[in-house]
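Heads up: the structure comes next, in structure tokens.
Computed from the coordinates by the stated procedures, all read-outs in this text should not be read as laboratory data. What you see is a predicted model; the values in this text were computed from it and never measured. Don't worry about glycine lacking a Cβ; one is built from the backbone with ideal geometry, like all the others, and counts go over all protein chains shown.
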Amino acid sequence: MKPVKLISGFMTVGFWTLASRVLGFARDIMIASFLGTGAVAEAFLVAFSLPNMFRRFFAEGAFNTAFVPLFSKKLQKGEDPLGFARDAFSGLATVLIVFTLFAQLVMPWLVLAMASGFRGDVRFDLAVDFGRITFAYILFISLAALLSGVLNASGRFAAAAAAPVLLNIILVSALLLGEKGAFGSGMEPSDPDLAGLSQGTILAWGTLLAGVAQMGLVWIAARRAGFTVLPRRPRLTPDLRRLAIIAAPAMLAGGVVQINLLVGRQVASFFDGAIAWLSYADRLYQLPLGVVGIAVGIVLLPDLSRRLAAADEAGSQNALSRAAEISLALTIPSAVALVVIPLPLVSVLFERGAFDFNDSQATAFAVAVYGLGLPAFVMQKVLQPLYFAREDTRTPFRFALVAMAVNAVAAILCAYLFGFIGAALGTTIAGWAMVLLLASGCKGMGQSARFDSRFHSRIGRIILAALAMGVLLWGLAWLMEPWLFRASVRYPALALLVLAGIVSYFSIGQVIGAFRLAEFKTALRRSPKQK
């Protein structure tokens, strides 16, 4: 049995996730430039969020948190994992086809559920039209996520991690071709509210095409790995019944998470431009979250599942501690940077064309608030596998209900007091509440759910190094302000500022013992093997 290499797996997923997020920046920079924060931009962003919202139920959220541990254990014990994967593939595809057809009929109500502030203006009709095109993306991306789970459980991470890159390549290419008139983009409506309509339509169809491409990539990779997952007649086997029982609470928890997002979007939809501001801010803080938190979560779940199946308590504790250590070592300085220099980051990355300085200021405000919650969002990805690896999806569901209540109260109250930023504040406060609940619930899980002495000895030093870096970044940003906001030199100025932050953090961290860079090199060459 090929062992899961935690650090090297994390680096593989992190590399491809970084590539995807960089291309995602290019995509969003182009969308901001071509569409700004107008009606077409907001309509597409809501439509694009629809399939991505429901994929949390059917893909890497609820379904895969149940599927991966079961598949990993069958793989560990040699109990026909391929047959189980084929049954799960067929069952999931059947449910998704029916669900996608139903969504076409109720799309106007789905849009209202996402953004009731659109009612009565041009954004509503646009979002419904775009939503009907993009929603089928959920079918292909959810099946791709199942296939990715098969690959991840067998210790193969590259293809699954690379698949999201295709989405951004296709959307960036479509936008570039559309700008050149390849799809007739020069024939725009005369109504100024519909400016950029052809670009929005191109993005919607590109999303659907990307789903097909992503599923194709991971299916081929799974076949080459020895898992030819072909659909067959759906049947409710005992294993699928067990999968459904475990997945049901996770789906409900996913529903709670989506309610949190809906609350945020509903609050934002009553402020002109706010949905776009929050979406662009989300893209910025999702970069470290994706590279660190999501990557660790993807690798940690199958590793913990297989170690627990082998009764390897010490190995489980080591995997958890190293995942938390490397996550916070990379996340805390990222959070500090988002809080200290959000305006230079947003201005350089997005401010051009239809996206002006006022948009930069509003987006930067949201970035700073999300930055305060970034360590919490990442630690959720570290702590949740402790429950999922034990096939416990009920406890996180109960915690998610509490976090939902916290988010709703905080977002609505803060929106009343502070405007659109209330949506971001609610998300951040609820994120920390969820971490506290997850951490308290781990106390009865034994040694495998406790951080080791090395983690406890280093976390304070990591925070100290990050704060020192933050002071340096603040001072440099103040000194470099004339260059950071001058169009001709702002790119090298921001690059120099970011490089100074990275060098200072790792230098200080190395000196005070927050981490040892040599340890990461060793871990990449030789990961601890399972017993």
Checklist entry - Rounded to the nearest whole Å³, what is the per residue volume of the convex hull around the Cα atoms of region 314-459? => result 128 Å³
Checklist outcome for this item: The answer for the net charge of residues other than F84 whose Cβ lies under 13 angstrom from its Cβ, with Lys and Arg +1 and Asp and Glu -1, is +4
Next on the checklist: Tell me which trypsin sites (Lys or Arg not before Pro) from region 58-131 have a DSSP coil assignment and no more than 16 other beta carbons within 10 Å of their own.
Outcome noted: R119
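Assuming R0 = 41 Å, can you tell me the calculated FRET efficiency for the pair D80 and N52, based on Cβ-Cβ distance, to the nearest 0.05?
0.80
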Checklist outcome for this item: Per the rule of 0.36 nm per residue minus the C-alpha distance, extending R242 to S173 adds in nm 20.6 nm
Checklist outcome for this item: What helix-only [θ] at 222 nm does the chain give? Using -39500 (n - 2.57) per DSSP H run of at least 4, over all residues, to the nearest 500, the answer is -27000 deg cm²/dmol
Checklist entry - Of L284, P108, F377, whose Cα points farthest to the positive end of the dipole of the chain (charges on the beta-carbon: +1 Lys, Arg; -1 Asp, Glu; origin at the Cα centre)? => result F377
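Can you compute the equivalent ellipsoid semi-axes for the chain, i.e. the square root of 5 times each eigenvalue of the Cα gyration tensor, sorted largest first and rounded to whole Å?
After diagonalising the Cα gyration tensor, the semi-axes are 34, 30, 21 Å.
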Checklist entry - If each of V95 and L230 carries a label point 7 Å out from its Cα toward its Cβ, how far apart are those two points in nm? => result 2.5 nm
Checklist outcome for this item: Scalar couplings 3J(HN,Hα) for region 130-146 by Karplus 6.51 cos²θ - 1.76 cosθ + 1.60 (θ = phi - 60°), nearest whole Hz, x for Gly and Pro, are 5, x, 5, 7, 6, 5, 5, 4, 4, 4, 6, 6, 6, 5, 5, 5, 4
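What full-extension length gain, to one decimal in nm, is calculated for V22 and V471 as 0.36 nm per residue of separation minus the Cα-Cα distance?
Taking 0.36 nm per residue and subtracting the Cα distance, the gain is 159.0 nm.
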Item to check | Amide H contacts under 5 Å for R352, placed H, 5+ residues apart | outcome: none
Checklist outcome for this item: Phi angles of region 325-342, converted by Karplus (6.51 cos²θ - 1.76 cosθ + 1.60, θ = phi - 60°) into ³J(HN,Hα) in whole Hz with x for Gly and Pro, give 5, 5, 4, 6, 5, 9, 7, 4, x, 5, 5, 4, 5, 5, 7, 7, 10, x
Item to check | Pairwise FRET efficiency - Q510 versus S116, Cβ, R0 = 56 Å, nearest 0.05 | outcome: 0.60
Item to check | Dipole magnitude (debye, nearest 20) for region 6-525, charges at Cβ of Lys, Arg, Asp, Glu | outcome: 1860 debye
Item to check | Other-chain or far-sequence residues with amide H under 5 Å of A514's (modelled H) | outcome: none
